[in-house]
């Protein structure tokens, strides 16, 4: 029986363009929360293969992907998207009831009134 083809987890994450560098991929794997087939993983050299399911936090989002191919290089983004099936739930819609922070520092008087109105209890 032929052994299953595998690739280092950090290298696959880099080739699939989830991170910009192999060093960042190694940090992502070494940090808490990386799971392969529901098993916690902390080593960047962990071998992954076709069919494995990865679950990890990327920013404020939880990403779940199934590996479709291992890849041979870090190619363009359309080629990288062919390496996996995204199983993640869609992100929640943005909360439009809360005012957005003003880019540029402190809110002015008008913005402070909007913030106070949004935080006010509707039963008051």
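The values are calculated or read from the model by the stated rules, or taken from the named source; none is laboratory data. Here the structure is a predicted model, which means the values were calculated and not measured. For neighbour counting, all protein chains shown are included, and Cβ atoms are generated from backbone atoms with ideal geometry for every residue, glycine included.
Take the residues of segment 2-13 that are exposed (fewer than 14 other Cβ atoms within 10 Å of the Cβ) and either in contact with a helix residue (DSSP H, G or I) (Cβ under 6 Å, 6 or more places away or on another chain) or free of Cβ contacts under 8 Å to residues at least 24 places away in the same chain (or both): which is nearest to residue 86 (Cα to Cα)?
Among those residues, the one meeting the criterion is 3.
Can you name the residue in segment 33-45 that is part of a loop (DSSP other than H, G, I, E, B) and touching a strand residue (DSSP E or B) at 6+ places or on another chain (Cβ under 8 Å) and, of all such residues, is nearest to residue 69 (Cα to Cα)?
Narrowing segment 33-45 to residues part of a loop (DSSP other than H, G, I, E, B): 33-34, 37-38, 41-45.
Imposing the further condition that a residue be touching a strand residue (DSSP E or B) at 6+ places or on another chain (Cβ under 8 Å) reduces the set to 33-34, 37-38, 41, 44-45.
Numbers: 33: 23, 34: 19, 37: 16, 38: 19, 41: 20, 44: 18, 45: 18 Å.
Among those residues, the one meeting the criterion is 37.
Every residue, every condition in (1) more than 20 Å from residue 28 (Cα to Cα); (2) modelled with pLDDT under 90; (3) surrounded by 10 or more Cβ atoms within 10 Å (Cβ to Cβ); (4) within 26 Å of the chain's Cα centre (by Cα), yes or no:
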{"site": "55", "(1), (2), (3), (4)": "no, no, yes, yes"}
{"site": "58", "(1), (2), (3), (4)": "no, yes, yes, yes"}
{"site": "82", "(1), (2), (3), (4)": "yes, no, yes, yes"}
{"site": "93", "(1), (2), (3), (4)": "yes, yes, no, yes"}
{"site": "97", "(1), (2), (3), (4)": "yes, yes, no, yes"}
{"site": "103", "(1), (2), (3), (4)": "yes, yes, no, yes"}
{"site": "114", "(1), (2), (3), (4)": "yes, yes, yes, no"}
{"site": "120", "(1), (2), (3), (4)": "yes, yes, no, no"}
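Any idea how many residues of segment 14-28 are free of Cβ contacts under 8 Å to residues at least 40 places away in the same chain and touching a strand residue (DSSP E or B) at 6+ places or on another chain (Cβ under 8 Å)? Spell out the reasoning first.
Looking only at segment 14-28, we keep the residues that are free of Cβ contacts under 8 Å to residues at least 40 places away in the same chain, and these are 19-28.
Adding the requirement that they be touching a strand residue (DSSP E or B) at 6+ places or on another chain (Cβ under 8 Å) leaves 28.
Going through segment 14-28 one residue at a time, the tally reaches 1.
Being assigned to a loop (DSSP other than H, G, I, E, B) and modelled with pLDDT of 95 or more narrows it down to one residue among 17, 66; which is it?
On the way: 66 fails: assigned to a loop (DSSP other than H, G, I, E, B).
Unique residue meeting the criteria: 17.
Please work out which residue is nearest to residue 74 (Cα to Cα), limiting yourself to segment 19-53 and to residues that are within 15 Å of the chain's Cα centre (by Cα) and crowded, with 19+ Cβ neighbours inside 10 Å.
Taking the candidates together, the pick is 25.
So residue 80 passes all but one of these: (1) assigned to a helix (DSSP H, G or I); (2) without any contact (Cβ under 8 Å) to a residue 12 or more places away in the chain; (3) in contact with a helix residue (DSSP H, G or I) (Cβ under 7 Å, 6 or more places away or on another chain). Which condition number does it fail?
Every listed condition holds for residue 80 apart from (2).
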